[in-house]
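The values are calculated or read from the model by the stated rules, or taken from the named source; none is laboratory data. Every value quoted in this text rests on a predicted model; they were computed, and no experiment measured them. Because the Cβ atoms are built from the backbone with ideal geometry, glycine has one as well, and the counts that use them run over all protein chains shown. In case anyone asks, the SASA skips ligands and DNA or RNA and just uses the protein heavy atoms, side chains included. Shrake-Rupley method; radii C 1.70, N 1.55, O 1.52, S 1.80 Å.
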Amino acid sequence: MEKILRGKAWRFGDGISTDHITPGRYYHLRGNLQALAEHTLEDADPDFARHAQPGDIVVAGKNFGQGSSREHAALVLKERGIRAILAKSFARIFFRNAVNVGLAPVLCDTDGFEKGDELEVDLEKGVVRNLTKGLERSCDPLPPLMGAILADGGLTAHIMKHGGFKWENTP
Amino acid sequence: MGYTLAEKIIAQRIGREVRAGDFVVAPVDLLLAHEGTGPLALDQFEALGRDGLGTTTLFFCDHAAPSPRKELSNVQKRLRTFALEMGAHFHPPGAGICHQIVAEQWAKPGQIVIGADSHTCTAGALAAFATGMGSTDVGVAMTLGQTWLKIPETCRIEVQGQLPPLVEAKDIILYLIGLLGADGGIYKALEFGGPVIEEMSMEGRLTLCNMAVEAGAKTGLCAADEVTRRFLEEQGRGEDYMPLAPDPDASYERVVELDVSQLSPQVALPHLVDNVQPIEEVAGTSISQVFIGTCTNGRLSDLRVAASILRGHRVHPDLRLLVGPASRQTYLAALREGLLEVFVEAGAVILPPGCGACVGVHQGVLADGERCLSTQNRNFHGRMGNPQGEIFLASPATAAATAVKGQLADPREFLEA
Ligand code: SF4
């Protein structure tokens with residue numbers, strides 16, 4: 001995965017649930033990711049699924065991805081071309097799922113960020129820049145294993161590459 | 001300094017001491033997935049190209065059972081075929097909800113359980129370290145028999161006092177989530193203890209642990225004690241019992257003390273689980289559908305309390321009542337006790353054991369503008385299949401009282417009757 005991501009912000013509030021991201025009423029589409037992704041976040045912002053561009057960045061408040069364990073929530077965002085999600089906090093299953101599918105969850109203060117802002121995320125240095133607003137925020141680094149999994153492009157790729165969890169004995 | 005339940009269970013399984021904050025690779029004793037999350041897990045298992053299962057693997061067809069459409073039928077067929085070939089345990093439509101069956105038949109104290117479903121934490125009631133993960137984590141664990149874990153900090157919930165009549169485990173957990181907030185427990189374990197929990201039935205404990213994730217927690221846990229032993233014996237698996245308790249001097253991130261003696265029935269209002277009010281504040285709100293069931297409150301004791309309120313009454317003409325037993329075992333017991341007869345006579349629809357209306361896949365989808373009072377664990381926007389609908393969460397007693405009154409009602413009104 002690249003170390004510096006650049007894209008336009010889509011702004012969401014607190015408590016975006018997996019039912020917002022990929023509603024249960026499209027359960028039957030789970031075998032068809034492309035079709036499922038056409039409904040991504042439609043109950044939170046109907047414009048998103050229609051107009052999100054590859055490389056765009058999702059920006060949210062607290063507890064992004066709360067609710068179910070459905071990995072499809074991370075997968076549909078990735079399918080829409082999203083490469084990073086910035087939020088003040090993440091629900092833990094979603095956080096893990098995002099890394100596992102190769103989507104960067106970035107913990108940082110998102111106050112003052114608005115829809116359409118140009119953002120730059122430097123995953124290595126742990127810095128988020130809002131180029132439109134001239135804001136710079138530091139972000140919490142991922143724990144080392146999660147960083148390794150993300151760098152390998154996701155968990156399955158990580159296991160294939162190393163034959164197991166690579167950092168088995170490092171805290 | 002002593003150890004919390006979470007630290008103890010994981011330490012025993014990996015053979016060395018651990019503390020909150022440590023990262024470990026741990027063996028997985030039990031693994032589960034259902035038709036919504038299983039296929040993606042199988043994709044990962046197949047991509048990893050191993051030829052055998054790494055651990056005891058359970059598959060469930062519960063979220064859409066029986067299947068309402070061919071896409072889901074095909075997925076269920078794939079799980080069945082895979083299970084047959086690989087020696088996984090397959091639970092067909094009608095067997096019941098995964099978490100209920102795991103509690104009845106599979107989980108035991110001291111195990112590490114992971115499941116591709118967020119309410120896997122339900123099994124924490126049996127003192128198993130049980131947590132939900134996504135399909136890839138589960139597919140990898142299915143292959144390696146291992147997963148990685150960060151040992152969670154523990155928030156101890158100490159419950160004291162005496163629960164008033166018709167105030168239940170559901171009211172305690174709703175109140176607690178209102179207090180902690182939907183993100184108050186992120187990354188943590190909630191460890192339930194104190195005199196009220198010691199006296200609480202396994203069914204009540206399952207309700208508490210089921211909703212730990214609604215505070216964002218990784219798992220909910222109760223000690224394994226006499227209640228656990230009796231439950232396992234009743235399930236014909238007394239040999240699975242092992243006592244397990246946190247150390248008295250365990251180090252907790254936080255201790256929350258609750259006295260429930262004055263607790264009222266609680267209701268979570270749309271669209272967040274932590275939007276909780278006592279029934280006194282919201283009684284009278286009109287409701288179109290009541291759903292009693294799910295992995296939170298579809299157990300025998302739930303059906304009993306609901307039937308005790310509904311007996312001799314009719315469901316109010318302004319609403320409809322759906323009742324879904326959590327498992328085949330619950331269904332049969334409710335049938336034999338005559339509870340289903342009470343529900344049907346009152347005008348309820350009995351759903352097959354499974355998730356039923358909970359997730360909006362089939363059965364009980366709300367019309368635009370309708371409000372549902374459900375005994376489930378989540379009321380997110382669109383959860384029951386229609387984003388124009390609204391979901392209220394409450395106990396089975398409150399649900400039954402509401403079904404009779406046609407509006408949000410206090411079950412304690414039925415006490416004198
Ligand atoms: S009953 Fe509802 S919450 Fe429980 S497993 Fe089924 S869909 Fe999930």
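Structure summary
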item	result
In the range A:91-115, the residues that are farther than 18 Å from A:I16 by Cβ and assigned to a loop (DSSP other than H, G, I, E, B)	A:G102, A:G112
Filtered residue count, the range B:171-188, keeping only those that are part of a helix (DSSP H, G or I) and within 18 Å of B:T154 (Cα to Cα)	5
Boolean, B:F82 is away from the ligand (no atom under 16 Å from the Cβ) and either of a type in the set (D, E) or farther than 26 Å from B:D240 by Cα (or both)	yes
Odd one out for A:D45, checked against (1) open to solvent by 10 Å² or more (accessible area, probe 1.4 Å); (2) at the interface with another protein chain (Cβ under 9 Å from one of its Cβ atoms)	(2)
Qualifying residue in the range B:345-359 (condition: more than 14 Å from chain A (Cβ to nearest Cβ), within 16 Å of the ligand (Cβ to nearest atom) and crowded, with 24+ Cβ neighbours inside 10 Å)	yes
Test: B:D117 is farther than 24 Å from B:R230 by Cα, touching a residue at least 24 places away in the same chain (Cβ under 8 Å) and surrounded by 24 or more Cβ atoms within 10 Å (Cβ to Cβ)	yes
Residues satisfying the stated conditions in the range B:1-39, i.e. charged (D, E, K, R) and open to solvent by 40 Å² or more (accessible area, probe 1.4 Å)	B:K8, B:R13, B:R16, B:E17, B:R19, B:D22
Failed item in (1) buried (at least 24 other Cβ atoms within 10 Å of the Cβ); (2) out of contact with any Leu (no Cβ under 7 Å at 6 or more places or on another chain); (3) more than 10 Å from chain B (Cβ to nearest Cβ), with A:R50 passing the rest	(1)
B:V140 being of a type outside the set (F, W, Y) and not in a strand (DSSP E or B)	yes
Some residue of the range B:27-49 being facing chain A (nearest Cβ under 10 Å), out of contact with any Asp or Glu (no Cβ under 7 Å at 6 or more places or on another chain) and more than 23 Å from A:I93 (Cα to Cα)	yes
Some residue of the range B:316-327 being within 16 Å of the ligand (Cβ to nearest atom), within 14 Å of chain A (Cβ to nearest Cβ) and either assigned to a loop (DSSP other than H, G, I, E, B) or among the aromatic types (F, W, Y) (or both)	no
Candidates B:D249, B:D240 - the one that is in contact with a Lys or Arg (Cβ under 6 Å, 6 or more places away or on another chain), open to solvent by 10 Å² or more (accessible area, probe 1.4 Å) and among the charged types (D, E, K, R)	B:D240
